[in-house]
Each structure stands twice: as C-alpha cells, then as structure tokens.
1. If the chain between R167 and K194 were fully stretched, how many nm would it gain, using 0.36 nm times the residue separation less the Cα-Cα distance?
2. Whose amide H sits under 5 Å from the amide H of G88, counting only residues 5 or more places off or on another chain, with H placed in the peptide plane?
Amino acid sequence: MKNSPRLLFLLHQTLLKFAKEHLDDPEEDWENVIWSDETKIEHFGKHSTRRVWRTKNAELHPKNTIPTVKHGGGNIILWGYFSAKGTGRLIRVKERMNGAMYREILSENLLPSARALKMKRGWVFQHDNDPKHTTRATKEWLHKKHFKVLEWPSQSPDLNPIEHLWRELKVCVAQQQPQNITALEEICMEEWAKIPATVCENLVKHLTYVIANNGYITKY
Ligand SMILES: *[C@@H]1O[C@H](CO)[C@@H](O)[C@H](O)[C@H]1NC(C)=O
C-alpha cells in the first residue's frame, strides 16, 4: 500500500513529536529498551530465486537472493523480542492473536527475555499501538505487573528497529531453503538466536541517530 501525502505528513508530525520528546534521552536509555513485534514468514519453494534488496553493491550477490514463492507454501507468524544486547525470545503464534493471547505471550516471554538480556533496573518495554496492545485489559495487566511501556508514535512501523531484524532473519532463513513449515519454524528459531549482538546494538544506535535528526528516517 502506498502512503498518501496526507498520511506521510501525519507520520512525520508524529515522529517529529516523538523525536523532540526523546532528544535529550541519553543513549543508554535506548539500550535499556526491549523492542517487540510480530512478523509473517513465508515458506518459499526450493528453486528459482528473486533478489532481495540489501545494500546497493551487494544487490546481485547470490547470498542476497531468496527463493520465489511456490503455490501453497504457507507461512508462519512469529512474535519476537530484542534489545541492544541481542535477540530475546521468538515465539510462533499459531492462531489469530487476540488480547488474551497477547497477554499470555507477554506473561510467558517478556520477563524471561528481560532476564536473558540482562536488562538494567528500570528497563522499558516497547510494542506498537495495535489495538491488542493498547486495549484497557492489556494496559492494566502491564501496569499491575509494573512493566514500564515506551509511549510509541502511532503509524510509524519504520521506526521500530525490529523491522530490520526481521529482514535479516528472512534472508538468513531463505538461504537455508527449509523444506516444509516445521523446518521453517526450526530454522527461524536457530537463525534468530544466531543474530549477533552487534547487529542489535547497531540498530538501536541508528535509532538514536534518527531521533537526533528530528525523526527523519534515514537508510540503514
Ligand atoms: C520437513 O523437512 C525436514 C528437513 O528437510 C524433514 O526432515 C522432515 O521429515 C520434513 N517433515 C515433514 C512433515 O515432511
């Protein structure tokens, strides 16, 4: 879907506001955030490849291509957590998620991810403004559990650094050409865990850079 000029304007206004509010935050604050989001991973067929954009010069390198979709390939939905210190838990969501399921995923995975990532006292949780996340019951649940939540600008998926991790994950997984959905899930879990901490750290650093530039999105 193409963004209309009106939407882009609103988007930029929101980001600008967000950037202004966070301009003075020390960089360490951003290192103490757990980012989260969901993604859909397609199961691709075995042969024939298509290019995936990465960087200008690496475009044609075979390692940056992913196989094209075969009919009936199917897909899986994943929910993941990460911080500047590395990747946290990755969970496969098998049903259409509702508020209750969302809270269950949080209760089973957020704290273990925070512990594994050795988050410092006062760490903050980020999720986007999907209705499942902002519903009263979820807000109350987060409050009751004393989780601090980052106020997130609406309609700004590009700002979430996890989007770039999803892209990284999809490229790595596709290279292994999983044969079926079970294999796809296993490979996703393995590859997610293997993403180097430096990649995560750089994404968070890039965000501080975006914020310092008043919310203008720059290329990673
Ligand atoms: C899925 O693929 C894996 C690896 O290629 C294979 O070992 C496994 O038997 C397959 N499972 C099914 C259900 O086809």
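1. 8.3 nm
2. When sequence neighbours closer than 5 places are left aside, the close amide H contacts are Y81, F82, S83.
Bear in mind these aren't lab numbers, they're just calculated from the coordinates by the rules spelled out. This structure is a prediction, so every number in the text was calculated from the model and none was measured.
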